[in-house]
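The values are calculated or read from the model by the stated rules, or taken from the named source; none is laboratory data. Only a predicted model underlies this, so the values are computations on that prediction, with no experimental measurement involved. Counting neighbours? That spans all protein chains shown, and the Cβs are built from the backbone with ideal geometry, glycine included. Surface areas here come from the heavy atoms of the whole protein model, side chains and all, with no ligands, DNA or RNA. Shrake-Rupley method; radii C 1.70, N 1.55, O 1.52, S 1.80 Å.
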Amino acid sequence: MAKPISVSLTLAFKEFFQTEKAGSIILIFCTVISLVLANLLLGEPYAAFWLGYLGPLSVEHWVNDGLMAIFFLLIGLELKRELYVGELSSLKRASLPIIAAIGGVVVPASIHLALNVGSPSQSGVGIPMATDIAFAIGILALLGNRIPASLKVFLVALAVMDDLAAIVVIAVFYTAELSVAYLGGALGVAAVLAVANRLGIKTLFVYLIGGALLWYLMLRSGVHATIAGVLLAFTIPFNDPDQEHSPSGYLEHLLHKPVAFLILPVFALANTGIIIETGFAEELMSANSLGIMLGLVIGKPVGITVASVIAVAAGISRRPLDLAWRHIFGAGLLGGMGFTMSIFIANLAFPGDAFHITSSKMAIVLASFVAGVAGYVYLWLWGGLLATDIDPDTMDFESEMEEPD
């Protein structure tokens, strides 16, 4: 009788997973600290610090447009790795997380739109579409070996595709007044770096200097500056199969810890200092807040699970051998942790609208907490692999193997 072999995780993947685990704990700590400082200790001066100017931009602006560009650079590098050698490297392996991510974007957005269509808060439709890759994977990492290895790989691929969708939404729908000249200059720099890649230039410094210029031009163009990080990622050389020692692989490895332990915590401190005032419960019952919370807590797991079921039933995708549908649903619950990406989009959706930004952030924090706890408890109780879960007809023969007894 055949029995499944567990999916082997590379050393780099395990290191990434452990970094996200520790990073998610620090993110939670920084969020709590920020709320305490804003509501119990410092109040308005805490908010004023982030709004104070440091050169041409406010401190908050430097964080959201500057430091977060580095975060998006890392996201781009991770997406690139997945496309070259990961779960997105072949259509058969990529189809399930891609289709699941589409479901996890469309259903939450539809819920928000249904509640807010025609209102000033309609622009918040992109907020529940996002997944915080650090939080979702960090919570999954806390479960250790209680869950199948394939679920970790599936969630990483799903979260990366989810972030890609968020990047597209930011670039297309949340662009300020567009400067064609600066945008053309930014694309020109990206093209030069791409040519340098094709010519075999592997000196990382060249790409980082070009990336700084690319970021400045993108900032001035009206397209959000963080998009520069994604563009830069796809110009940096990636050598397959020796990706660990390629400029792209080296930079990805170099950025993991600074992003997890510095950039995202600073982002949390800058963006979750929400002053909770009397009547905040009424704000949570507004159409925008309900759209965000229902989209993340309900729309995400429903969209991801239903899309996955349809993909497998239609013969487009194959469910990995050691994943049952309850595992996919559990991943969907964790996908409801929008946090960083959702807060980021909220800032873009309501520029200058302090009321909607604050109420959106409150809804995001609450929904992310509920989704994280629900996902963790659900997978802790029902995340183990059972003998009845094995269905050879759903096996992906490119990523799974069998061995005789």
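Each peptide in 178-187, 90-99, 301-310 gets a packing score, the mean of other Cβ atoms within 10 Å over its residues, and the list from highest to lowest is 301-310, 90-99, 178-187.
Largest mean-square fluctuation among 230, 85, 160, in a Gaussian network model of the chain whose springs join Cα atoms under 10 Å apart, belongs to 85. Looking only at region 303-341, which residues have a backbone nitrogen under 15 Å from a spot 7 Å from the Cα of residue 91 in the C-beta direction? Answer for region 303-341: 315-318. The modelled label-to-label distance for the pair residue 381/residue 119, using points 7 Å beyond Cα in the direction of Cβ, is 3.2 nm. Shape of region 108-254 from its Cα gyration tensor (a ≥ b ≥ c, root eigenvalues): rounded if a/c is under 1.5, otherwise prolate when a/b > b/c, or oblate? Oblate.
In region 173-246, Cα pairs under 8 Å separated by at least six residues give a relative contact order of 41 percent.
Separation of the alpha carbons by more than 23 angstrom is noted, of 80/202; 257/361; 92/202; 300/361; 92/152; 257/300, for 257/361; 92/202; 257/300.
Remark: the chain carries 43 Å² of accessible area per residue (probe radius 1.4 Å; ligands, DNA and RNA excluded). Solvent-accessible area of residue 152, all protein chains in place: 20 Å² (probe radius 1.4 Å, heavy atoms, ligands and nucleic acids excluded). Sort region 202-339 into rounded, prolate or oblate with this rule: let a ≥ b ≥ c be the square roots of the eigenvalues of the Cα gyration tensor; rounded if a/c is under 1.5, and if a/c is not under 1.5, prolate when a/b is larger than b/c, oblate otherwise. Judged from the Cα gyration tensor, region 202-339 comes out oblate (a/c at least 1.5, b/c at or above a/b). Between residue 262 and residue 53, the modelled labels are 2.7 nm apart [label points 7 Å from Cα along Cα→Cβ].
The solvent-accessible area of residue 355, taken with every protein chain present and a 1.4 Å probe, is close to 110 Å². Of the listed residues 137, 201, the order by accessible area with a 1.4 Å probe, largest first, is 201, 137.
What shape does the chain take by its C-alpha gyration tensor, where a ≥ b ≥ c are the square roots of the eigenvalues and a/c under 1.5 counts as rounded, a/b above b/c as prolate, and the rest as oblate? Oblate, since a/c reaches 1.5 and b/c is not below a/b. Entry note, region 220-367: relative contact order of 26 percent, from Cα contacts under 8 Å with a spacing of 6+ residues. Averaging Cα coordinates gives a centre for region 114-135 and one for region 303-371; these two points are 11 Å apart. With all protein chains in place and ligands, DNA and RNA left out, the 1.4 Å accessible area ranks 319, 198, 326, 146 as 198, 146, 326, 319, largest first. Take the Cα of residue 181, step 7 Å along the line toward its Cβ, and report every residue of region 198-226 whose backbone nitrogen sits under 12 Å from that point. Backbone N within reach: 221. Exposed loop sites here are GluC sites (Glu not before Pro) assigned a DSSP state other than H, G, I, E or B and surrounded by at most 16 other beta carbons within 10 Å; excluding them, the longest clear run of the chain is 1-176.
Stretching residue 198 away from residue 282 to a fully extended chain increases their span by 24.6 nm, per 0.36 nm per residue minus the current alpha-carbon distance.
Once both labels are positioned 7 Å from their Cα atoms along Cα-to-Cβ, the gap between residue 40 and residue 206 label points is 5.4 nm. Mean sequence separation of contacting Cα pairs (under 8 Å, at least six apart), scaled by the length of the chain, corresponds to a relative contact order of 30 percent. In order along region 251-262, phi translates into HN-Hα couplings of 5, 4, 4, 5, 8, 3, 6, x, 5, 5, 9, 10 Hz, rounded to whole numbers, per the Karplus curve 6.51 cos²θ - 1.76 cosθ + 1.60 with θ = phi - 60° and x for Gly and Pro. Separation of region 47-61 and region 89-110, taken as the distance between their Cα centroids, equals 38 angstrom. Within the accessible surface of the chain, defined with a 1.4 Å probe on protein heavy atoms only, the carbon and sulfur portion equals 70 percent. For residue 58, no residue has an amide H sitting under 5 Å from its own, ignoring neighbours fewer than 5 places away on the same chain, with H placed 1.01 Å from N. Rolling a 1.4 Å probe over the protein heavy atoms leaves residue 84 with an accessible area of roughly 110 Å².
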